Structure formats: structure tokens, C-alpha cells
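J.: Can you keep this structure in mind? I'll have questions shortly.
The values are calculated or read from the model by the stated rules, or taken from the named source; none is laboratory data. From a predicted model like this one, the values you see are computed outputs, not experimental measurements. Virtual Cβ from ideal backbone geometry, glycine too; neighbours counted across all protein chains shown. In case anyone asks, the SASA skips ligands and DNA or RNA and just uses the protein heavy atoms, side chains included. Shrake-Rupley method; radii C 1.70, N 1.55, O 1.52, S 1.80 Å.
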Amino acid sequence: MLIYLFHFSNPLFFFKRCLGYKEQNLTSISEFFLSRFSDDLELQPLLFGLFLSMYLVTVFGNLLIILAVSSDSHLHTPMYFFLSNLSLADIGFTSTTVPKMIMDIQTQSRVISYVGCLTQMSFLILFGCMDGMLLTVMAYDRFVAICHPLHYSIIMNPRLCGLLVLVSFLVSLLDSQLHSLIVLQLTCFKDVEISNFFCDPSQLLNLACSDTFTNNIVMYFVGAISGFLPISGIFFSYYKIVSSILRVPSTGGRYKAFSTCGSHLSVVCLFYGTAIGVYLGSALLPSPRKDIVASVMYTVVTPMLNPFIYSLRNRDIKSALWRFLRRTG
């Protein structure tokens, strides 16, 4: 959700008007046209194979994390419970956009229906916001584990863990539905060409013919709740974690304490770092082609790398994966 917040916080985006364009009533629009990576027909098989393989790796890797956590009793802890939910959200996040993109490459089609566009946008925001919320919950879990280790099992009880995941889902669902309601308020569009390979809500608002100032204000507020609040929670948790670790007298103790946060911190940097990079690249060097490439990093590459980060940096996950593969093999 951070990237959408950055789009809406641009003052120029707030005051764009539709001058000199032919208005198209909503009733006359039944479909939009998504952008392609390349119009070169010789590159289409390569792009098809590349994105299909990346999608399969993403789904397979995240499924392995979920199966390893659920099948190994040693991993039935709050940290891995949140990790399995994060993997599930990553599967949903990448499945919202990549299969449609792969199908369009195969069929040489750029068409997406109006209903399909709204549906894709809703699920994209739902799973994207869920990712951010779960990363915040995982930061809180690490904060309790390091700063209050004696009370960890009491604080992070199964009821609270389930409640945190439920609240994360409900907040994400509310965010998704608010975006959908705002887009449904649009009565006409100046164009049907979306400058991305998926239905980006900022792109749809940019195509609106009517004055979208009020809608932008609402989206800015919603984006602040779903974007900056999770980031603030993560920063606050790690501020407390670092302060607590620095008070540990031995170097080995400090390293052991901080190593439990290494995987989560890497995923946080990848998730939000990519989003910030997408915004900065779009703001400094605006280009539809560069925006598409940056969006691939955010929606495809990041969910694919998360399982590798957690499996390579976590001995418990690696051991559980080997035990699971031996049992199934």
C-alpha cells in the first residue's frame, strides 16, 4: 500500500484536470487496455517463460514455508504462525496480477473488463495491505520476544496471535473496499489505456474526467492509515529492540538476540525499500516503461524472494523443510 500512498501524496496528482480529452461515460466503458512489456513478438516466448517460472517459484516456495510450519510441531510458535500467514498473503498478492499478465502475453491480448479491473484492484490492495500489516505484527512479536522474554508466552498467547491476524485481515479488507468505493464514484474516463500491466488505483483516478480532489483526500487518509502507521509501528518496535540489545553486556549475546530479527528485517527492507524505489523512480524519471519494470519488482520479485530469505537465514526453517521433504520423498 505504500506505493499507492506515495502516488496520492503528489500535489500535481491532486489537481490534474481533464482538459482537451473526449469524455467517455461509465456506461459506455466495458473494458480497459493494459500496457505490455514489449511489442516485439520475438520476445513474447521469453517473457512468457520468465514470468511463468517466477510465478511457479513464488507459489512453490511460499507453499513449502506453509507446509513446513504446519507439519513441524517445533515451529508451532507465534513467529512462524505469522510467517505462514505472510506466505499465504504473498501467494494471493502475486496471483492477483501475474497469471493475468502471463495469459495476456500468451494470447497477445491487453484487454481487461471493467468488472475484472475492479476485482483485480480490490484483491491487489487487500493482499498488499495484508503484507504490510503482517510485517508490523511480526515486528511486534520480535519486540516482545527480545524486550520481554520472561513474559513472551503469556503476552503472545494463541488468542492474541489469532486476533492480530484477524485484525490485519479486517483492516486490509476495509482498505480494499474503500478504494473500490472511491473508484466506483467515477462517472467518466478520458482514456481506457492503463499505463501498467495491472489495474493500479492511482492510474484509474488519473484517467478520471471529473474532479477527483475529494476522492484523493479520502485515499490519502486511507493510505496514511494503511501505509505510514505500519511503518511507524515497525520503526518503533526496532527502536526498542536495538535499545534493548545494546544493553546486553556480551557481544555473543547481542549477536544472538539480533539474529532472530535478521530475516524479518531483510523482508521489511525489501518490501518497503522496493515500494519507495518505485515511487522515487517514477517521480524523478517519469516513464511508463520504467514504471512497469519497477512494478514487477514490487509485485513479482519481492514475493518470490521472501521464502528464500526466511529459509536461507533461518536454521529452524531449513531443518523443518528437510524433514518435510524427507517425509514426502
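J.: Return yes when PHE127 is at pLDDT 90 or above, open to solvent by less than 20 Å² (accessible area, probe 1.4 Å) and hydrophobic (A, V, I, L, M, F, W, C) and no when it is not. Lay out the reasoning, then the answer.
T.: Details: at pLDDT 90 or above: yes; open to solvent by less than 20 Å² (accessible area, probe 1.4 Å): no; hydrophobic (A, V, I, L, M, F, W, C): yes.
No; evaluated as a whole, the condition is false for this residue.
J.: On the given criteria, is THR107 buried (at least 23 other Cβ atoms within 10 Å of the Cβ) and among the hydroxyl-bearing types (Ser, Thr, Tyr)?
T.: Values: buried (at least 23 other Cβ atoms within 10 Å of the Cβ): no; among the hydroxyl-bearing types (Ser, Thr, Tyr): yes.
No: the conditions fail for THR107.
J.: Has region 131-140 got at least one residue that is open to solvent by 20 Å² or more (accessible area, probe 1.4 Å), assigned to a helix (DSSP H, G or I) and of a type in the set (D, E, K, R)? Full working, then the answer.
T.: Of the residues in region 131-140, the ones open to solvent by 20 Å² or more (accessible area, probe 1.4 Å) are 133, 136, 140.
Next, only the ones that are assigned to a helix (DSSP H, G or I) stay: 133, 136, 140.
With of a type in the set (D, E, K, R) added as a condition, the list becomes none.
No, there is no match, as no residue in region 131-140 is open to solvent by 20 Å² or more (accessible area, probe 1.4 Å), assigned to a helix (DSSP H, G or I) and of a type in the set (D, E, K, R).
J.: I would also like to ask the following. If we keep just the residues of region 169-225 that are small (Gly, Ala, Ser) and open to solvent by 10 Å² or more (accessible area, probe 1.4 Å), which is modelled with the highest pLDDT? Spell out the reasoning first.
T.: Applying the first criterion (small (Gly, Ala, Ser)) to region 169-225 yields 172, 176, 180, 195, 202, 208, 210, 223-224.
Then keep just the ones that are open to solvent by 10 Å² or more (accessible area, probe 1.4 Å); that gives 180, 195, 210, 224.
On the way: SER180: 85, SER195: 79, SER210: 67, ALA224: 68.
That would be SER180.
J.: Among (1) among the hydroxyl-bearing types (Ser, Thr, Tyr); (2) open to solvent by less than 20 Å² (accessible area, probe 1.4 Å); (3) under 20 Å from ASP200 (Cα atoms), which single condition is SER87 missing?
T.: Condition (3) is where SER87 drops out.
J.: Something else now. Considering only residues of region 57-73 that are small (Gly, Ala, Ser) and within 13 Å of SER84 (Cα to Cα), which is most open to solvent (accessible area, probe 1.4 Å)? So that I can check it myself, show each step before the final result.
T.: Taking region 57-73 first, the residues small (Gly, Ala, Ser) are 61, 68, 70-71, 73.
This time we only want the ones that are within 13 Å of SER84 (Cα to Cα), so: 61, 68, 70-71.
Working: GLY61: 15, ALA68: 0, SER70: 73, SER71: 51 Å².
The extreme case among them is SER70.
J.: Consider PHE258 carefully, then state whether it is open to solvent by 70 Å² or more (accessible area, probe 1.4 Å) and over 15 Å from PRO149 (Cβ atoms).
T.: Numbers: open to solvent by 70 Å² or more (accessible area, probe 1.4 Å): yes; over 15 Å from PRO149 (Cβ atoms): no.
Considered against the rule, which asks whether it is open to solvent by 70 Å² or more (accessible area, probe 1.4 Å) and over 15 Å from PRO149 (Cβ atoms), PHE258 comes out as no.
J.: Answer yes or no as to whether SER113 is within 27 Å of LEU50 (Cβ to Cβ) and open to solvent by 20 Å² or more (accessible area, probe 1.4 Å).
T.: Yes: the conditions hold for SER113.
J.: Considering only region 225-250, state which residues are touching a residue at least 24 places away in the same chain (Cβ under 8 Å) and over 25 Å from the mean Cα position of the chain (by Cα).
T.: LYS240, SER244, ILE245
J.: Looking at region 95-117, I want the residues that are farther than 22 Å from MET297 by Cβ and touching a residue at least 60 places away in the same chain (Cβ under 8 Å) and have a partner that is exposed (fewer than 14 other Cβ atoms within 10 Å of the Cβ) and small (Gly, Ala, Ser) with Cβ atoms under 6 Å, at least 6 apart or on another chain. Which pairs are those?
T.: Cβ pairs passing all conditions: TYR114/SER30.
J.: Quick check on my filter: what residues within region 32-59 are hydrophobic (A, V, I, L, M, F, W, C) and more than 18 Å from the chain's Cα centre (by Cα)?
T.: Taking region 32-59 and keeping what is hydrophobic (A, V, I, L, M, F, W, C), we get 32-34, 37, 41, 43, 46-48, 50-52, 54, 56-57, 59.
Those that are hydrophobic (A, V, I, L, M, F, W, C) and more than 18 Å from the chain's Cα centre (by Cα): PHE32, PHE33, LEU34, PHE37, LEU41, LEU43, LEU46, LEU47, PHE48, LEU50, LEU52.
J.: Would you confirm whether any residue within region 143-164 is open to solvent by less than 40 Å² (accessible area, probe 1.4 Å) and among the polar types (S, T, N, Q)?
T.: no
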